[in-house]
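First the structure, in the form of structure tokens, and then the observations on it.
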Amino acid sequence: MAMVFPQTRMRRLRATAGLRGLVRETDVRAAQLVLPLFVTEADHISREPIATMPGVDRLSLAAAVAEAQEAAALGIAAVMLFGLPAEKDEHGSSAWDQDGVVQLATRAIKQAVPELLVITDVCLCEYTAHGHCGVLREDGSVDNDATLELLARTAVSHARAGADIVAPSDMMDGRVGAIREELDGEGFSETPILAYSAKFASAFYGPFREAADSAPAFGDRRGYQMDPANGREAVREALLDVEEGADMVMVKPALAYGDLIGEIRRATRVPVAAYNVSGEYAMVKAAAAAGYIDERAVVLEILTSLRRAGADTIITYHAKDAARWLEEHR
């Protein structure tokens, strides 16, 4: 028979910092964090602040290398690269240019900081004149199958530049399989795929679209990104990506989707990443600037909650600050 109060006192193991640390179930380490970087080809920019994301800048190649070096020194696991090209067209052809912005940044970072992992976002939205994530039909809808070849070509160009992991974020059906086949055929069978498997058509992406200049010129992305109301579908998406060859899967956004982080981890049995996205970051920054919250305490609580939900890896704009705070607690 289970003992009850007063014999059972749950507060006994909460009385001191030492006791709390002894029984703590969830940890957060810098080595579990990924820092996103926005890299621009604009030659007149070293760092350009992003108004909606305080503390985050658009970066020149040299500034991106400096950020990567700082991230590595803090013990952060990886950077994730998003490119802002000089030229855009209807098909996003600069996405797979071997001298494109992400390819140049990947080579520069791997040369300067070889031990730091470089993850590249594989999508066309930042490179297309219309801002959608694939090739358009005449009626303005995205042609899923025509887009797959271009995504695969982009992933291979990233791997050839030295990317450690490629991360398709477009949400086209079959893109993981197409990328895996092309990578293998081009001699990159050891390059892992981190699939944005459960990427929702979320209201939390606004600041990112300003940062990456990737807002759709018309319409929206609900025809290919997921409905935030659907959980079972998210698990199915992740399982399909694993079946096609994904080595890791992602849930994006993070804060409102902790239930799915846990479900997808249990269902897939592969490493799960959570993307703590731009709107989530901006809300914390705005509330902290207004004096409403303790930024440090809130950020560490958010990251802990994502780890508790089941995330093995967290992609977050808070990564550098969090790594410093975590080091202070060691």
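Summary table below
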{"item": "Subset of the stretch 280-313 [small (Gly, Ala, Ser) and open to solvent by less than 10 Å² (accessible area, probe 1.4 Å)]", "result": "GLY310, ALA311"}
{"item": "Residues of the stretch 265-275 that turn out to be buried (at least 23 other Cβ atoms within 10 Å of the Cβ) and under 18 Å from ARG175 (Cβ atoms), as a count", "result": "2"}
{"item": "Hey, GLU181 at pLDDT 95 or above, part of a helix (DSSP H, G or I) and charged (D, E, K, R) or not", "result": "yes"}
{"item": "Any hit, the stretch 1-24, residues being part of a loop (DSSP other than H, G, I, E, B) and in contact (Cβ under 8 Å) with a residue 40 or more places away in the chain", "result": "no"}
{"item": "Breaking point among (1) of a type outside the set (A, V, I, L, M, F, W, C); (2) open to solvent by less than 50 Å² (accessible area, probe 1.4 Å); (3) within 20 Å of ILE165 (Cβ to Cβ); (4) part of a helix (DSSP H, G or I), for GLY75", "result": "(4)"}
{"item": "Residue in the stretch 254-309 that is farthest from LEU194 (Cα to Cα), counting only those that are in contact with a helix residue (DSSP H, G or I) (Cβ under 6 Å, 6 or more places away or on another chain) and of a type in the set (Ser, Thr, Tyr)", "result": "SER278"}
{"item": "Selection status of SER157, out of contact with any Pro (no Cβ under 7 Å at 6 or more places or on another chain), at pLDDT below 95 and polar (S, T, N, Q)", "result": "no"}
{"item": "Hits in the stretch 99-144 (condition: acidic (Asp, Glu) and open to solvent by 50 Å² or more (accessible area, probe 1.4 Å))", "result": "ASP99, GLU115, GLU138, ASP139"}
{"item": "Candidate set from the stretch 314-324 (those that are touching a strand residue (DSSP E or B) at 6+ places or on another chain (Cβ under 9 Å) and of a type outside the set (Ser, Thr, Tyr)); member that is most open to solvent (accessible area, probe 1.4 Å)", "result": "LYS320"}
{"item": "Filtered residues of the stretch 78-92 (kept if more than 22 Å from ILE193 (Cβ to Cβ) and either assigned to a helix (DSSP H, G or I) or within 20 Å of the chain's Cα centre (by Cα) (or both))", "result": "LEU84, PRO85"}
{"item": "Residue identified as in a loop (DSSP other than H, G, I, E, B) and out of contact with any Pro (no Cβ under 8 Å at 6 or more places or on another chain) among ILE109, ILE45", "result": "ILE45"}
{"item": "Residue list for the stretch 114-135, filter: more than 19 Å from LEU148 (Cβ to Cβ) and more than 20 Å from the chain's Cα centre (by Cα)", "result": "PRO114, ALA129"}
{"item": "Out of GLN69, GLN32, sole residue that is of a type outside the set (A, V, I, L, M, F, W, C), open to solvent by less than 70 Å² (accessible area, probe 1.4 Å) and out of contact with any Leu (no Cβ under 6 Å at 6 or more places or on another chain)", "result": "GLN32"}
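Quick grid of which residues meet (1) open to solvent by less than 40 Å² (accessible area, probe 1.4 Å); (2) closer than 27 Å to THR304 by Cβ; (3) out of contact with any Phe, Trp or Tyr (no Cβ under 6 Å at 6 or more places or on another chain):
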site	(1), (2), (3)
ALA161	yes, no, yes
ARG175	yes, no, yes
PHE188	no, no, yes
ALA203	no, yes, yes
ARG221	yes, no, yes
ASP247	no, yes, yes
GLY262	yes, yes, yes
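The values are calculated or read from the model by the stated rules, or taken from the named source; none is laboratory data. Quick caveat, the model's predicted, so the values are computed rather than measured. Note that we place each Cβ from the backbone using ideal geometry, even for glycine, and neighbour counts take in every protein chain shown. Quick note on the areas: whole protein, heavy atoms, side chains included, nothing else; ligands and nucleic acids left out. Shrake-Rupley method; radii C 1.70, N 1.55, O 1.52, S 1.80 Å.
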